Amino acid sequence: MAIVVQKYGGSSVATPEKIKNVAKWVIKKKQEGNDVVVVISAMGDTTDELIDLAKKITEHPDKRELDALLATGEMVSSALLAMAIKSLGYDAISMNAFQIELLTDGTYGKSLIEDINERAILDRLKEGKIVVVAGFQGITEDGDITTLGRGGSDTTAVAIAAKLKGECQIFTDVDGIYSVDPRIYREAKKIDEISYEEMLELSSLGAQVMHSRSVELAQKFNIPIYVALSCSDIKGTYIREVEIVEQKPITGIAVSDSDVAITLQNIEYDTNLLSDIFEAVASKKINVDMISQTAPINNKVNLSFTIPKDDLRDCLDVIKPYYKKDEIIIDEDITKFSVVGLGMKTTSGVASRIFKLFKQNDIEVKMITTSEIRITCAIKQQDKMKAVGLVAKEFNL
């Protein structure tokens, strides 16, 4: 029997009726002769509601207790789905992070998975059960509950698929991966398959369908991911190694309003100081994306970098020793605009076409960073829709 790991997002299980419908699709996969593991998210907006509830108690909830609270959302939905499957005549069992021994590194709010006891799942599969796992959560060696952060249920599903050497299917509220988010560009084209490398870039830059951690994990263990619409036979998108003789220069566009730019002005031009600043930021596990530095004048430079807005408070706390009060600028009016494509490795002139469009349409570029298959720039949020439309039309996306 093949092992299939399916993941259903919060919108797919938002109501009891939707949970019952998911149960029917899970059973359908079981009837095809597969051993089935289901990873489930919390119902609908449960996670946001629990965060709001915590903030009614205190403005800054203790991170350990917040993780203990948030993990309950997935426990509720996993138990309900197991009940729904059983009510339809098939054996099922819900399991949480303790029961599958999903060990994490202990970072509250964004833990990394260190190991999973696959035997706990395999033993239940051998009994003929459909195993329903509460996603998004893990435990430390000391038994504390931690959560995996954004996209945590996807990461749980990919990690389990890797341990069980099974297929991984991610079911969500969209019918695949598009060249551009169709909510902001209605003419976007659906992609039949996309490489790990491209999807990793797009997801890390703001594409909402998959989180970069889950894609990175899938690439590491060569686990193809199928992304499709929940409870539907509409063809989705495969994320896997892609071999195409001639690749178009751009595969997709990603935009994100969730970053903030921090500029430290007139700081000493000293590599040790730069190292100290970014080591301090890294100590809080804050992801720095774009970095730029001006040329030194009188041994002084301006240093700019972007981080997630959610991490701004922690970041300012740890870099406080490295600047004076009047030497910092915080710019929250940025959209991170990115184009991604393996074809950029062999196609020249992509950047010039994009920036020519921006120049002709008065779109200001605040910061730029690139890789072999990516160009990212920070622009004003008010220019986001215009930039997406111009570039998508220019490159037939």
Open item on the list: From the phi angles alone, apply the Karplus equation (6.51, -1.76, 1.60; θ = phi - 60°) to the stretch 252-269 and give each ³J(HN,Hα) in whole Hz, x where the residue is Gly or Pro.
Closed with: x, 10, 10, 10, 8, 9, 9, 10, 10, 9, 10, 10, 9, 9, 6, 8, 4, 7
Task: Dipole magnitude of the stretch 259-331, debye to nearest 20 (Cβ charges: Lys/Arg +1, Asp/Glu -1, about Cα centre) - done: 120
Task: Hz values of 3J(HN,Hα) by residue in the stretch 287-292 - Karplus curve (6.51, -1.76, 1.60), Gly and Pro given as x - done: 7, 9, 9, 7, 9, 9
- [ ] Express the relative contact order of the chain as a whole percentage, based on alpha carbon pairs under 8 Å and six or more residues apart in sequence.
- [x] 13
Open item on the list: Distance cut-off 18 Å, Cα to Cα: go down the list K220/K336; K7/K126; K300/K325; K163/K285 and report the pairs above it.
Closed with: K220/K336; K7/K126; K163/K285
Task: For S111, residues with placed amide H under 5 Å, excluding near neighbours - done: T147, L148, G149
Open item on the list: What does the C-alpha gyration tensor say about the overall shape of the stretch 3-173? Classify as rounded when a/c is under 1.5, otherwise prolate if a/b is larger than b/c, or oblate.
Closed with: oblate
Task: Cα-centred dipole magnitude for the stretch 147-210, charges only on beta-carbon of K, R (+1) and D, E (-1), debye, nearest 20 - done: 220
Task: Cα-only Debye scattering, the stretch 205-342: base-10 log of I(q)/I(0) at q = 0.14 Å⁻¹ - done: -0.82
Open item on the list: Among V242, V37, V340, which one shows the highest mean-square fluctuation when the chain is modelled as a Gaussian network with alpha-carbon springs under 10 Å?
Closed with: V242
Task: For V133, residues with placed amide H under 5 Å, excluding near neighbours - done: V38, V39, I40, M95
- [ ] Distance between Cα centroids, the stretch 331-397 to the stretch 1-64: provide it in whole Å.
- [x] 35
Task: ³J(HN,Hα), Karplus 6.51/-1.76/1.60, whole Hz, each residue of the stretch 72-84, x for Gly, Pro - done: 5, x, 6, 5, 5, 5, 5, 5, 5, 5, 4, 4, 5
- [ ] Post the alpha-carbon centroid distance, the stretch 199-264 to the stretch 101-158, in whole angstrom.
- [x] 22
Task: Qualifying aspartates and glutamates (Cα of each under 13 Å from Cα of K28; at least 8 residues distant if same chain) - done: D233
- [ ] Give the long-range amide H neighbours of D144: residues separated by 5 or more places, or on another chain, with amide H under 5 Å away, using H modelled in the peptide plane at 1.01 Å from N.
- [x] none
Open item on the list: Below 11 angstrom from the Cβ of A14, what's the summed charge of the other residues (Lys, Arg +1; Asp, Glu -1)?
Closed with: -2
TODO: Rank N298, N287, N222 by mean-square fluctuation in a GNM of the chain with C-alpha springs under 10 angstrom and give only the top-ranked residue.
DONE: N298
- [ ] Mind sorting out which of (i) 5, 24, 32, 23, 11, 4, 1; (ii) 5, 21, 28, 25, 15, 5, 1, 0; (iii) 5, 23, 34, 27, 10, 1, 0, 0 is the real P(r) over Cα pairs in 10 Å bins from 0, in percent computed from the coordinates?
- [x] (ii)
Task: the chain - share of DSSP beta bridges that are antiparallel (%, nearest 5) - done: 60
- [ ] State to the nearest 20 debye the size of the charge dipole of the chain about its Cα centre, where the only charges are +1 on K and R beta carbons and -1 on D and E beta carbons.
- [x] 1060
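Values in this text are rule-based calculations from the coordinates and carry no lab data. In this text the structure is predicted, and so the values were computed from the model without any measurement. Don't worry about glycine lacking a Cβ; one is built from the backbone with ideal geometry, like all the others, and counts go over all protein chains shown.
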